[in-house]
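Novice: I'd like to ask you about the structure that follows.
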Amino acid sequence: MKPRNAPVVLVIAAALVCASNANSHKLREKGVKVAVAGSALSVTPTRDWNRLTEKPGKNAETWTLDGGRLNDITFYGAVPSGSPLVKERSKKKEPLPKFTGKTLLVEVPELLEGTYRAYKGIGLFRVVSTEPVTFLGQDGVRFTYEFTDTDGLTRKGEATAVIAKGALYMITFDAPRLHYFDRSISDFRALVQSATIG
């Protein structure tokens, strides 16, 4: 014999899951241009994405399709000189590398690597390739990388960045090497191609 309140428990549980999802994501609709990372950087998605409510940093925001652990696009908009890419947990105990007015474009992969190592506690991070590209109408850099996260899963990443008017603009994509990276990389590249300032 089933407990009489079992259906009520199931309804409450379902409501909590829906409420949790509503609070943690905001739909970014296909074809609708939107400003990102609290900056003048805008993109027009070619498919629907979910923007996570929790921002990794003052000048950053994250989008996903299936959850941040499976596909993670992070926008860094107008990161000013003297600032880290993401929020520092403790400036004294766990300082993060900072973008500065002296940071060169070729040093941006190293900046991201240092940030991942310190912020995500990653030991293994490898830049695979680096090449010059035009991004936001200026000379930029595109680089690919691999890292092993704390869950032991190897992830692949691709990033495109430019330094404009003394600020850093960058879009990164991380996903597990098996299946998820290849499945969504074209959607990421479409976002990068749609990016504009202003």
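Novice: Among the numbered criteria (1) of a type in the set (S, T, N, Q); (2) buried (at least 22 other Cβ atoms within 10 Å of the Cβ); (3) at pLDDT 95 or above, which one does THR100 miss?
Specialist: Going through the list (1) of a type in the set (S, T, N, Q); (2) buried (at least 22 other Cβ atoms within 10 Å of the Cβ); (3) at pLDDT 95 or above, THR100 breaks only (2).
Residues are listed down the side, and each one gets a yes or a no for (1) under 19 Å from the mean Cα position of the chain (by Cα); (2) of a type outside the set (D, E, K, R):
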| position | (1), (2) |
| --- | --- |
| LYS98 | yes, no |
| GLY101 | no, yes |
| VAL108 | yes, yes |
| LYS120 | yes, no |
| VAL127 | yes, yes |
| LEU136 | yes, yes |
| ASP139 | no, no |
| ALA159 | yes, yes |
| LYS165 | no, no |
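Novice: Moving on to the next point. Quick one: is THR134 assigned to a strand (DSSP E or B) and surrounded by fewer than 16 Cβ atoms within 10 Å (Cβ to Cβ)?
Specialist: yes
Novice: Here is a list: LEU105, LEU124. Which entry is surrounded by fewer than 19 Cβ atoms within 10 Å (Cβ to Cβ) and either modelled with pLDDT under 95 or among the β-branched types (Val, Ile, Thr) (or both)?
Specialist: Unique residue meeting the criteria: LEU124.
Novice: Ok, one more. Kindly indicate which of ALA195, ALA175, ALA164 is more than 23 Å from THR46 (Cβ to Cβ) and either surrounded by 14 or more Cβ atoms within 10 Å (Cβ to Cβ) or out of contact with any Asp or Glu (no Cβ under 7 Å at 6 or more places or on another chain) (or both).
Specialist: ALA164 is the lone residue from the list that is more than 23 Å from THR46 (Cβ to Cβ) and either surrounded by 14 or more Cβ atoms within 10 Å (Cβ to Cβ) or out of contact with any Asp or Glu (no Cβ under 7 Å at 6 or more places or on another chain) (or both).
Novice: Counting only residues that are assigned to a strand (DSSP E or B) and in contact (Cβ under 8 Å) with a residue 24 or more places away in the chain, how many does the range 65-109 have?
Specialist: Matching residues across the range 65-109 total 12.
Novice: Here is a list: GLY68, GLY57. Which entry is out of contact with any helix residue (DSSP H, G or I) (no Cβ under 7 Å at 6 or more places or on another chain), surrounded by 16 or more Cβ atoms within 10 Å (Cβ to Cβ) and either among the β-branched types (Val, Ile, Thr) or at pLDDT below 90 (or both)?
Specialist: Criteria check complete, one pass: GLY68.
Novice: Let me ask another. Counting only residues that are of a type in the set (Ser, Thr, Tyr) and not in a loop (DSSP other than H, G, I, E, B), which one in the range 138-160 is nearest to ALA60 (Cα to Cα)?
Specialist: The selected residue is THR160.
The values are calculated or read from the model by the stated rules, or taken from the named source; none is laboratory data. Bear in mind the structure is a predicted one, so any value in this text is a computation, not a measurement. With ideal geometry, Cβ positions are generated from the backbone for all residues, glycine too; neighbour counts draw on all protein chains shown.
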